[in-house]
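One structure is given below, encoded as structure tokens.
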Ligand SMILES: O=C(O)CCC(=O)C(=O)O
Ligand SMILES: [Fe+2]
């Protein structure tokens, strides 16, 4: 009998799950403290080269299908990419509820992600860059899938922890309105207000965590002929039960 000495393929997400399963409560607390202090936590090499390669192939196909322009894919369009598996992975979901509890000291809501795969390329790139914002969700995880090696790489910009979780949806809207106007965006783009903005050159396959609701953030522009793709996992909307929000039907 022949026996081929071929290594069996590693199941998907093995290295990510290994790292996640090994996290103690004090590790999670350390992550929360790092985000409080520096604005962002990075877990290097979160994805294996295989998992990352599968994701990069998926991005290339999505961009080709989208006519070589920027595309944003939601959870229900991510089948087969590996991001669906990550979004449903118990160890990954537990990281978010543990972080939430560690940071806020409150029982964490069920982990359901608002998930997107954001692929920037082509002429539409400018429209999607330097749009400073607060997320609607407490915790944001970002996994870079593809980052240009040269030229305009679309570095991530963050002014961390500039606000608290607002007690009401109206106050949250007020913060967003202050930020979402031409003058304020122009000030931030020119750094004219003297605030210190952290710039992060992201590395594909790493996992980045930050308080998306509390931090002003965006990405720098990307060259039109390059591709910048990031997978985002947003968790915990503090205003999910707001009557006003439901009436306005805003996300
Ligand atoms: O892709 C990025 O670097 C950030 C995207 C982001 O902040 C968002 O989609 O909420
Ligand atoms: Fe964001």
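Per-structure values
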read-out	value
Subset of segment 152-168 (residues that are more than 17 Å from the chain's Cα centre (by Cα) and in contact (Cβ under 8 Å) with a residue 24 or more places away in the chain)	152, 162, 163, 164, 165, 166, 168
Selected residue [within 13 Å of ligand 1 (Cβ to nearest atom) and modelled with pLDDT under 95] from 129, 124, 150	129
Residue check for residue 81: in a loop (DSSP other than H, G, I, E, B) and buried (at least 20 other Cβ atoms within 10 Å of the Cβ)	yes
Among (1) under 20 Å from the mean Cα position of the chain (by Cα); (2) away from ligand 2 (no atom under 14 Å from the Cβ); (3) not in a loop (DSSP other than H, G, I, E, B), the one test that residue 171 misses	(1)
Residue match in segment 16-36 (condition: within 28 Å of residue 124 (Cα to Cα) and under 16 Å from the mean Cα position of the chain (by Cα))	no
Residue that is farthest from the chain's Cα centre (by Cα), among those in segment 226-237 that are more than 12 Å from ligand 2 (Cβ to nearest atom) and under 13 Å from residue 146 (Cβ atoms)	226
Subset of segment 116-143 (residues that are in a strand (DSSP E or B) and within 14 Å of ligand 2 (Cβ to nearest atom))	116, 117, 118, 120, 133, 139, 140, 141, 142, 143
Residue satisfying all of: in segment 104-115; within 16 Å of residue 233 (Cβ to Cβ) and either at pLDDT below 95 or not in a strand (DSSP E or B) (or both); nearest to ligand 1 (Cβ to nearest atom) among these	113
Among the residues listed as 64, 49, the single one being within 28 Å of residue 122 (Cβ to Cβ), in contact (Cβ under 8 Å) with a residue 60 or more places away in the chain and surrounded by fewer than 17 Cβ atoms within 10 Å (Cβ to Cβ)	49
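The values are calculated or read from the model by the stated rules, or taken from the named source; none is laboratory data. Model, not experiment: these values are computed from the prediction. Glycine gets a Cβ as well: all are built from the backbone with ideal geometry, and neighbour counts include every protein chain shown.
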